[in-house]
Every structure is written in structure tokens, then in C-alpha cells.
1. Full-extension gain between Ser638 and Asp254, please, as 0.36 nm times their residue separation minus the C-alpha to C-alpha distance.
2. Give the relative contact order (percent, whole number) for the range 373-440; include only Cα pairs under 8 Å separated by 6+ residues.
3. D for the range 167-308, whole µm²/s, Stokes-Einstein with Kirkwood Rh over alpha-carbon pairs at 25 °C and 0.890 mPa s: what number?
4. Largest first and in whole Å, give the semi-axes of the range 443-596's equivalent ellipsoid, each being the square root of 5 times a Cα gyration tensor eigenvalue.
5. Within the range 634-670, what residues put their amide N at less than 12 Å from the label point 7 Å along the Cα-to-Cβ vector of Ala682?
6. What nm value, rounded to one decimal, do you get for the distance between Leu315 and Ser705 when each label is placed 7 Å out toward the C-beta?
7. Once you place label points 7 Å from the Cα toward the Cβ at Cys246 and Glu233, how far apart are they in nm?
8. Calculate the FRET efficiency for Gln540 and Asp380 from the Cβ-Cβ distance with a Förster distance of 56 Å, rounded to the nearest 0.05.
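The values are calculated or read from the model by the stated rules, or taken from the named source; none is laboratory data. The shown structure was predicted, so the numbers you read here are calculated from the model rather than taken from an experiment. All Cβ positions, even for glycine, are placed from backbone atoms using ideal geometry, and neighbour counts span all protein chains on display. Areas reflect the complete protein model, heavy atoms only, side chains present, ligands, DNA and RNA absent. Shrake-Rupley method; radii C 1.70, N 1.55, O 1.52, S 1.80 Å.
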Amino acid sequence: MNSVVLLVDDDPTIRLLAAEALSGVELAVVEAEDGNAALSLFDRHQPDLVISDVQMPHTDGHVLCRTLRLIPHGTDVPILMMTGSETPEAIDAAFAAGATDFIAKPLNYPILVRRAQLLLRSRQALAALHRSRLHLDRAQRIGKLAYWEWSVDSGDLYLSDILWERLGNEPKPLVASDEAALVTQLGQFIAPYHRELAALRLADALRRRSRFEFRHDALLDDQPSRTIDHVGEVLVNPLTKQIRICGLLHDVTDQLERESTIFRLANNDPLTGLPNRNYLKDHLEHYLATARRQNRSLAMAALNLDHFQRINDSLGYTAGNALIRQVADRLCEAVRRSDWVLRIEQQLAPESHDPAIDHLAHLGGDAFVVLLTELERDQDAAVAIQRMQEALRQPFAVGDQQIVLTASMGISLFPADAQDVETLFEHSDTALHHAKQQGRDRYQYYAESMNAQARERLALEAGLPIALEQRQFQVHYQPKVDTQTGRTMGMEALIRWLKPETGMVPPNVFIPIAERCGLIVPIGEWILATACHQSQAWQQTTQRDLKVAVNLSVRQFRDPGLLEAVERALGESGLHPASLELEITESILMEDATRTQEILRALKQLGVSIALDDFGTGYSSLSYLTRFPIDTLKIDRSFILHLNHDTRSAAIVEGIIQLSHSLGLHVVAEGVEHEAERQFLAERNCNAIQGYLFSPPLPADGFTSWLDEENRRCGRQETSKRDGDP
């Protein structure tokens, strides 16, 4: 786009010749015959250059120049004055009116063109410089940067506009005689308690002719202190040897706050404020090195709260979170300041971190890790563990609820059990698993033998999908015998795993693994379908109404596809719903009672019956027996085991039988192994019994033989009765 020149002269000949010369170098010329016309055209065209005669009627060049300098676009536009007088007075008058340059008349038109081009280039350069300054100023404001420059020889000090603005002053000449005076002139940009440090750093940089960099506080406008990164360098002019120091101040307060937030999110648990696994991994090497150097032991304990999920299920996650916070507080109070306790999420930044919580971490859910440092002996860890367990056994108050908790812990020792962070974690987790297996509310030291068991668990977990696919599972059936007639009235379906490489795998070994890895649902559906098909086959061949009982795991009971699976098993097998009994445990009743009631009612609508297994060993209230649609109570074998030599067990069994009958429930005793136990149960009208006194769980063909033998035996008894009739 061509530059626009406003040409003002009352002589049309001069305008014609000047316009022709200027147009020859591709300048767009707008002509005005006097100052008044020029003002009107200036506002309309906003030219890049004004060339004006001095002597004109009405409004002369000086008035025009002064007027243009008062309007926004005219403040920086170059104005070239054409004057017939080259006296100093005439020249001074032109510059006083605001002219940028002047040219004498009569005009030399080539020189006029050169002057116009130079002025336009100068204006473009000034505009570019102005834009650059604006960009720099904008960048400094965005980046929160301020600049200063000090001439050591003259003492002159320059401050950038942002510095003046933040200091609340108008720009003015400043002088600093030395480094201390320089720091003082920078005012509140350097807090008083950091000024001595700043002066020392500047003096050192000046002495060594080097860069400098340090961090300090700034106290601005009665706001909270800001953090400033101060960097700069010493510059020496190679010709004059004059020395300058340039400094850049960068407000990093917001950046540090963001970094602190990121640090907290990455290294801490927002629920408890404790460090997490990431933080521990980053810092544990230091503690391992210290323990090596001091020839001391170090212990890592993995901690889980026992049955914590029941708290979430019964009281809700808000109450569960409140409880987790209280647990974290208790653990922090129970450990020494040299020990760690950790949970996953919120961590304070290093500058503000609280050493009181330095050694406790939360790993999410109900999992914590405790790192016990500075142990004189490996056995000393047990003292700290017992102290923490005892602290957690004291009741917790959540709302209006009093909650009693216990914890299981697994302990791994450095250097006895592990030499690195990951192995310490792994071994403490392995020991924790064993503590839970042994009954919970206890701690367990790691032992090398646990690794073999852990590897075995992993092998079993990997083998479960293969076992399901290759039909390595079998269903065995244990008879339930009527205590009055002695005849089989039904059977319990029990899964067995015949592993080709190692033989039979006990159910108490692989079922918990199937629960954890989620395979218990497809396995449970397979058991259900197989048991229904087999029971229907026996009913057809024996013409007897044999009820088959199938256990439901917690996960299977909660699976959305449970009702569909039961309907499918009954429909595909043809088994009447009344011939199917589903066994659940008391723990299922405890988890979300409302949802449990809905599921049980839906199952009852299908026509199946419900049995409560292992009755007396759980935590459910007796009131649940009236709330839930239960048909059968199964007395746990732990009571039957001590029936004949423990009066309390006998009283409990007798009480359960009486309670069941009063509620109209069927009652079954499991684990019967002795005739005296059978007789006791029969005398008290227990409806049915099962156990090794009659038969262990049998494969399908073995149970078929059992039924055949029972039929033959009963047939002989009937024949004997008929033969003995008078």
C-alpha cells in the first residue's frame, strides 16, 4: 500500500510540480490550497507525511503544524516545512511549531523527493520501534518481567516503565553511587531483609565481571510478599571500558504456586494430606542409604483396615472418608517423628512441608504404608506395629456412630528381606496377605517361604481362565440326609479343580483367587448350570424330589446378571425352581441391606429357595431373619465340631434349631462326622444333616452310585419289614 502525502501550498504550480515528482516514486498525493483545507483532508486521509508551505492565506504553515500536533494522528506524523527564508529565526520558528524538517524555496524537486522518502523511512522505523517497545512492554507484563540498567561509571540508573508503575512513581532521573544504593533505589522490589544479600550478589558479579542470579522477596502495595527471580550480567564496552550492569526481575510467585499444586497432586492424598507412593519412592533411597551408613535396620509395614468395605456399604463413602482421615491422624500420633506414614494424594511442597507428617503415606482406599526408620534391632518394629494397632482399636466417632476397627499389617525388613524400594513394597504386601489369611487384626513378618506361595497364587490365577475353558472344574455333591428317615433329601453342589499338572486344588485355595480376579462370576454360573442339569437328570432317573443347593459368592450375588443366569440354568435344564436352593453367607446380608432384600425377593419370585450358610459365624443381626426371605438356616460346622464336649456349643446349636422352627425355617447341620452328633441333632428335630458321617462330596457318578445303593438299602429294609409282618 502506497504511503499518503498531504501537500499544502497556495501556489497551484508548486503543487502540480511537487505532486508530479512525488507520484513518480509511487507516493499517493493529496493536495490542499491552504491550512483550513489541509485540516479537513488530514482527518479524512490520515496521511503518512505532511509537506506544507509556511506562508499561506487564512491558516499559515505554523498554525497548521501546531494544530496537527494537538490531534491524535498528528502527534507523530512527520511534517516537512517549505520556507522561502533560511534564517535561523525562520528555522527555529518552524521547529518550535512542531516541524520535523524543513526545505528551502525555490524547491529542488529531486531533493524534495529524497527528503520525503527519508522522512517516511524514519517514520516507519520509529513506528517499528514503537511497536517493538509495545510488544516488549506487553511481553514483560505478561511474563511479569521488569528491567533495570545501571552505569557504574556515571551512576545513572534506568528503570523500565513496569518498575516505575509498580513503585507508584513517575519516571525521573536516578543515580546510584554503589551496589547498596542501587538496591535501595529498586525500593520495595527487594524486601528490606533481602537487600544485604542482593548488594553482595551484585558486588560479587561486578568484581568477577559475571552473570548473577538469586531469589528474593518483594513487598508491593501492602500485598502478601511476592517471590522474585533476579538475573542479570555485567557488560563492559570494549572501546570505552565503561561498565554497565543489567538486571531482569521476574515475578515467579504464581508459577511457584502452580508448581506446588502440581507437586501436591502428584505426591499427596487430598483426603488425608499424607504423602503417597510416588513421594515415598522418591525419598526412600535416602533412608536406605542412611540405614546402610549407620548399620541400622529399616522396616516397611503395609497396613489394611479389616472389613473396611462394610463401613462404606453400610454408612456411605462420606462416612468412610471421615473415618480414613481419623485413621491417618491416629497413625501419625502413634509413630515416632523419625518414622513415615503414607496415603495416596495431597503432599505439601518441599519448602512448606510439615515434618510431623513426613513418614506416613496413604496408598488409596484403606491402604497405608508405614516406614519405620532408625531401628536398632529387627524386633523393634513389632513394638511400633503393636502401638499402632492398639491406637486403631480404640472406637472412632463418625457422626453419631461409634465404630470399632482393626488392622492387619505385613512387615518387610531392610536389609534382611530386601535391598531396594520395590522389593520392600512387594515383600510387605506379601506379608500383609498372609496376615489377612491368618484371621486379620494381626501383623506378619515377611518370610522367604511366602514368595513360593505368592508364585503359586500367581500360577493359579493364570491357570483359572484355562481351567474354565478346558473344563478342568468338576462339581461334587454332598448328600443332605433327613434326620428322621435317614434318606437323602438333597445335596450341596461343591466345585473341585482337577489341575492336570498337580492334581486336585482345594476350593479354599482357588476360590478366593477367583474372587479377586473376577472369574468367580463365570465359574459360579457354570456351577449353577451344571448342578441344575445334573439334578434334573437324577430326578428323572430316580423319580425323587431331590433339592440341589448351590453357593453364591458375594461378587456373584451382586452381579447384575444373577437373575438372568438363574433363569437360564433352570430353563435350559428343565429343573423346577422349587428344586433349587441358593446358599448365601451372612456377609451378603450385611452389605447394602436394601439392595440385598430386593435381590432376594426377585429370586424368591422365580420360585427358588434361599439358605443362610455358616449361620452364627458372621456379624448379622437376628432381626435380619425376619427382614429377609430366608427358607433355611445352616448351622456352621464349627459348632458341630465341639457339640459333644462343649456345653456352650450344644446350647447354641439347640437354640438355633428352636429359633429356626419358631420362625418356620428349615434347619440343616453341616460337618457331622460322629454318630453321637447325629443322634443329638435328631433328638432336637434338626431337619437335615450333612457330613462325612454319611459321605464326603462325591463326583456325579459317585453320587449316582450313592443313590442307587440307598435305594437298594431302603428296598431291603422294606422287604424285611414285609417279611416280618404277622
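1. On the way: separation 384, 0.36 × 384 = 138.24 nm, distance 6.50 nm.
Stretched fully, the Ser638-Asp254 segment lengthens by 131.7 nm.
2. Details: 55 pairs, mean separation 16.3, N = 68.
Reported relative contact order: 24 percent.
3. Diffusion coefficient, whole number: 124 µm²/s.
4. 30, 19, 16
5. Flagged as within label range: none.
6. 5.5 nm
7. With each label placed 7 Å out from Cα toward Cβ, I get 0.8 nm.
8. Numbers: r = 68 Å, r/R0 = 1.22.
So the FRET efficiency works out to roughly 0.25.
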